[in-house]
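Here's the structure, in structure tokens; my notes come after.
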Amino acid sequence: MTDLKLFLRRGRALGGIPKIPFSGAAPMPHPGGYNIFKYYFVGNVSTRLLQIIPYMAFDMKTKKTSNPKPARAAAQTAQGHAPAAISISKLAKHYGKGDGMVKAVDGISLEVYKGEVFALLGPNGAGKTTTISMLCGLVGPTAGSATVAGFDVSKEPLKVRQEIGVVFQAPSVDDLLTGWENMELHALLYGMGNEGKKERIDFLLRLVELDGRKDSKIREYSGGMRKRLELVRGILHRPKILFLDEPTVGLDPQTRTHIWEYIRKLAKTENTTVVFTTHYMEEAEQFADRIAIIDHGRLVATGKPHELVDGLDGDTVLLKVNDPPAAMRIIGKNKSASGVKRLDDGKIQFTLKGSHSALPGLLRSLDKVESIEIRPATLNDVFIKFTGRQIREEEGEGGWAERAMNNR
Amino acid sequence: MGFLKGAYAIWYRELLVFFREKERVISAIITPLLWIVAFGGGLGASISVNGMNYQEYIFPGIVSMSVLFGSIFFGLYVIWDKKLDFLKEVLVAPVPRSAVFLGKMLGGMSDVIVQICALLIIGALLGFVSSLTGALLALFAGALLSMCMVSLGLIIGAKMSSPEGFNLVMSFVMWPMFLTSGALFPIENLPNYLEVVVKINPMTYGVDLMRLALLGTTNFGAGFDLAVLLGASIVFMALGSKGFEQMQLS
Ligand SMILES: Nc1ncnc2c1ncn2[C@@H]1O[C@H](COP(=O)(O)OP(=O)(O)O)[C@@H](O)[C@H]1O
Ligand SMILES: [Mg+2]
């Protein structure tokens, strides 16, 4: 049996919302992992409902986690989370002076725990890259402090750098050198000994399927290949913490999926704490254990993806009923429902908290329901709630691959 | 330890890149040849300096010139590293900035030394280099001059944020240094009011040392030339390391 919430969320993350009408018992997940968002109830609703209810009740009892990603192994403390790998306190970076001053990062405080995959989610210009740059000591903070892998970034930048790996938003491989040479150079820069070096480089290149092209110059690599090389290069020296700045920006969807497979494989085999930035909600939601949403250099919200979404007023429900005014009265009285309104096409729209458990009861109290549509709340709704805006999806500053190709 | 390894890594990278960019190697040798053959040959038909064939006279100057231009251009190349963001990979590594500077400087010197060798061999074939000792001394003088000039180039490269500044550096640094150094004509021929410029120009002493090595004539004496070049190198290296420490990435 599948947790309804779980697979609603999964479907959302995958973007497409196939409308699969169903009539019968419990909804079945689509074999491809896509699933059902719309339930059509035609005819006598109450009998159909009875068939759904046992399914729902089952879910409530099992209370399975609704995070589709398997929980990562991390040493848990008494507080229920691993010790901090990164702690940031009131970190700020201002560029320029006077009227033209830009508060790229405007006082962010947060902790990243050991072993977790952490996302910094925010639109372009939110201050994600600046934050990462400060954490790896490339940019000095205007105010505040940060401790990375136990060292203060301002006071002991070299020690911090020894413990971290960084994959930048823009390409930073040397395109006159071959893949192998770039890796070797990295090993030298991080003071790695010769012992086992060759084997490790070979292993990592195989992992991202670049072993066949290791003696080609980077110039002859595609954008995706460069990114893959940068990924394994970032992890070559076995860093405790890996920073990934927009790891998939500008890559096509297929390469993007691959890159994420690699990142997860890497993080798992090396037990690395991963901090990545993204402006794709699905990416944060799908791959992060915890997310910090930032906007205009400020922290808007932090939490596990499902916690953030659960903190909202609920999912949006659309009903088509026989007697809308009567139904609206009943829904208005329901404690879990809010924002009830009638749409132009006659449907009733409202927000329902805990829809998977609240909906059956509500439906039972209604007379005749012809169709139901549930739009699960997303991180986008979280962003809208805190900022009043949408996360823009366009890539204003040019994608990674695009820049990679434009250079030289 | 990390310092030396880091510097070595950067140096190694510069070497790999240098030999891979064949156009750079070739143009670095062709340009000075043109100067010797076309300029030296053309003017030399009607001029002799201190009773010497003009081509022979300017050969040490042209070698010094290619050291100057090669070195400063190498320093300015940091801008391309910045543009390509490769520099980020280096700057985020656990290597002190001063080691990055040292590696870069050694890389630049190596490139220039390869060029000097090529020019000296060609010079020997054309009859401008009379002895092996002379050639080795010239190589040493060139290396010292390039240590000084690569450092200067790196100071400028670390400060500059875009290639647009190139022309300014050409007009206000490279050409004045070249033309007031005595590379093409005896410095006594320059107007008096330029004397200060001639004297504070480190290139003057590089040319003088080079000429001493290849022709046996000098204006200031080997000791003074060496002292000035070493002093200038130390100052530029200190400033360059500092510049690298303060270098901001956009
Ligand atoms: N070197 C810089 N000089 C001036 N402004 C900058 C600089 N770097 C970033 N900014 C500004 O800081 C803000 C945050 O930028 P950034 O951290 O790159 O955002 P993100 O990575 O989230 O897209 C932007 O408004 C950007 O224009
Ligand atoms: Mg960014």
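Please give me, ordered by residue number, the chymotrypsin sites (Phe, Trp or Tyr not before Pro) of segment A:134-236 that lie in loop per DSSP and have at most 16 other Cβ atoms within 10 Å.
Values: sites: A:PHE151, A:PHE168, A:TRP180, A:TYR190, A:PHE203, A:TYR221; in loops: A:PHE168, A:TYR190, A:TYR221.
Sites meeting the loop and neighbour criteria: none at all.
Run through every distinct alpha carbon pair of segment B:122-191 and return the Kirkwood hydrodynamic radius in angstroms, one decimal place. Can you show the working numbers first?
Values: mean 1/r = 0.0679 Å⁻¹.
This gives a value of 14.7 Å.
What lysines does A:LYS347 reach when the alpha-carbon gap must be under 21 Å and sequence neighbours fewer than 8 apart in one chain are set aside?
Candidates past the 8-residue exclusion: A:LYS19, A:LYS38, A:LYS320, A:LYS333, A:LYS335, A:LYS368.
If you wrap segment A:211-342's Cα atoms in a convex hull and average its projection over all directions, what's the area in nm²? Provide the component values of the computation, followed by the final result.
Numbers: hull surface 51.2 nm².
The Cα convex hull of segment A:211-342, projected and averaged over all directions, gives 12.8 nm².
On the Cα set of segment B:2-245, report Rg and Dmax in Å, please.
When restricted to the Cα atoms of segment B:2-245, Rg and Dmax are 17.9, 59 Å.
Past 20 Å, Cα to Cα, is the threshold; run A:LYS159/B:LYS83; A:LYS197/B:LYS83; A:LYS114/A:LYS159 against it and keep the listed order. Mind showing how you got there, number by number?
Numbers: A:LYS159/B:LYS83 27 Å; A:LYS197/B:LYS83 30 Å; A:LYS114/A:LYS159 18 Å.
Cα-Cα > 20 Å for A:LYS159/B:LYS83; A:LYS197/B:LYS83; rest within.
Out of the trypsin sites (Lys or Arg not before Pro) in segment A:159-215, which ones are loop residues according to DSSP with at most 16 other C-beta atoms within 10 Å? The partial results should precede the final answer.
Working: sites: A:LYS159, A:ARG161, A:LYS197, A:LYS198, A:ARG200, A:ARG206, A:ARG213, A:LYS214; in loops: A:LYS214.
Nothing satisfies the criteria.
For segment A:313-376, what is the convex hull (Cα atoms) projected area averaged across all directions, in square nanometres? Can you show the working numbers first?
Values: hull surface 14.8 nm².
For the Cα atoms of segment A:313-376, the hull's average projected area reads 3.7 nm².
Hey, got the dipole for segment B:1-98? About the Cα centre, +1 on K and R Cβ, -1 on D and E Cβ, debye to the nearest 20? Mind showing how you got there, number by number?
Details: 9 positive and 7 negative charges, 71 e Å.
It comes to approximately 340 debye.
If the cut-off is 14 Å between C-alpha atoms, which aspartates and glutamates fall inside it for A:LYS353, apart from same-chain ones fewer than 8 positions away?
Hits, sequence-local ones excluded: A:GLU307, A:ASP310, A:ASP313, A:ASP315, A:ASP381.
Give the lysines whose C-alpha is closer than 18 Å to that of A:LYS93, dropping any in the same chain fewer than 8 places away, or say none.
In chain and number order, the partners are A:LYS103, A:LYS128, A:LYS155.
Remind me, relative contact order of segment A:313-376 in percent, using alpha carbon pairs under 8 angstrom and six or more residues apart? Provide the component values of the computation, followed by the final result.
Working: 110 pairs, mean separation 31.8, N = 64.
50 percent.
Of A:HIS356, A:HIS237, which has the most accessible area and how do the rest follow, probe 1.4 Å? Could you put the intermediate results ahead of the total?
Working: A:HIS356 50, A:HIS237 25 Å².
Order by accessible area, largest first: A:HIS356, A:HIS237.
Which of the trypsin sites (Lys or Arg not before Pro) found in segment A:287-338 are in a DSSP loop and have at most 10 neighbouring Cβ atoms, other than their own, within 10 Å?
Qualifying residues, ordered by number: A:LYS335.
Working out 0.36 nm times the residue gap between B:LYS159 and B:ILE26, then minus their Cα-Cα distance, what length gain in nm do you get to one decimal? Walk me through the numbers before you get to the answer.
Numbers: separation 133, 0.36 × 133 = 47.88 nm, distance 2.83 nm.
Value of the extension gain: 45.0 nm.
If I model a spin label as a point 7 Å beyond the Cα along the Cα-Cβ vector, how far apart are those points for B:ILE122 and A:ALA143 in nm?
6.0 nm
Within 10 Å of each Cβ in peptide A:165-172, how many partner chain Cβ atoms are there on average? Round it to a whole number, please.
Working: counts 1, 4, 1, 5, 2, 4, 5, 10.
The per-residue average across the peptide is 4.
Within a 10 angstrom radius of each residue's Cβ in A:132-138, how many Cβ atoms of other chains show up on average? Whole number is fine.
Neighbouring Cβ atoms belonging to other protein chains average 2 per residue here.
The values are calculated or read from the model by the stated rules, or taken from the named source; none is laboratory data. Since the structure is predicted, the reported quantities are computational estimates derived from the model, not experimental observations. Please note: Cβ atoms are built from the backbone with ideal geometry, for glycine as well, and neighbour counts cover all protein chains shown. Side chains are part of the model used for accessible areas, which takes the heavy atoms of the whole protein and leaves out ligands, DNA and RNA. Shrake-Rupley method; radii C 1.70, N 1.55, O 1.52, S 1.80 Å.
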